[in-house]
C-alpha cells in the first residue's frame, strides 16, 4: 500500500485489505530501509513498490551487461537465469519466461475485520467484469 495514499485517506483507510508486495521502505529489510532513506533524502518522499521495481530493473540490466550480454537475445537469456537476485524490493527470481515468481502478500490497515458491513451500499447493483461501467456492453 502506498504511504501517501494512506495518509490522504486517514481514518477512511481503516479496515482496508489489499494485495501488496513485500517491499516496505520503513519496516522492511535493512536493504529496503536503506533504499527508502536514500530515496526520501533525495526526493522528499518514500519510494513505493513501482519505484523499487524500476530501480531493480536497472540493476538487473546492469548485471546482464556485466555478464557479457549485449544483444536483446543474450539479455533475455540472462534474465531467464536470475535466481535470488538481491533487489531492493527483496530477492528476485525469474521463471523460464522471464517473469518474477514473487508472490503478493495481504496487507490490512488497522484492525480486521472491518467495523463496516461488507456492503455499505445495499441498493447498488453488483458490476460484473464484463460490464465495468455497470451499463450493458452495447451501451459502452
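We did not get these values from a lab; they are worked out from the coordinates using the rules stated. Just so you know, these numbers come straight off a predicted model, no measurement behind them. Cβ placement follows ideal geometry from the backbone for every residue including glycine, while neighbour counts extend to all protein chains displayed.
Here are some notes:
- If the segment from residue 67 to residue 43 were pulled out straight at 0.36 nm per residue, it would be longer than the present Cα-Cα gap by 5.5 nm.
- Spin-label zone in segment 85-112 - amide nitrogen under 12 Å from a point set 7 Å from the Cα of residue 27 along the C-beta vector: 107-111
- On a per residue basis, the convex hull of the C-alpha atoms belonging to segment 42-81 measures out at 79 Å³.
- FRET efficiency, residue 16 to residue 86 (Cβ-Cβ, R0 41 Å, nearest 0.05): 0.85
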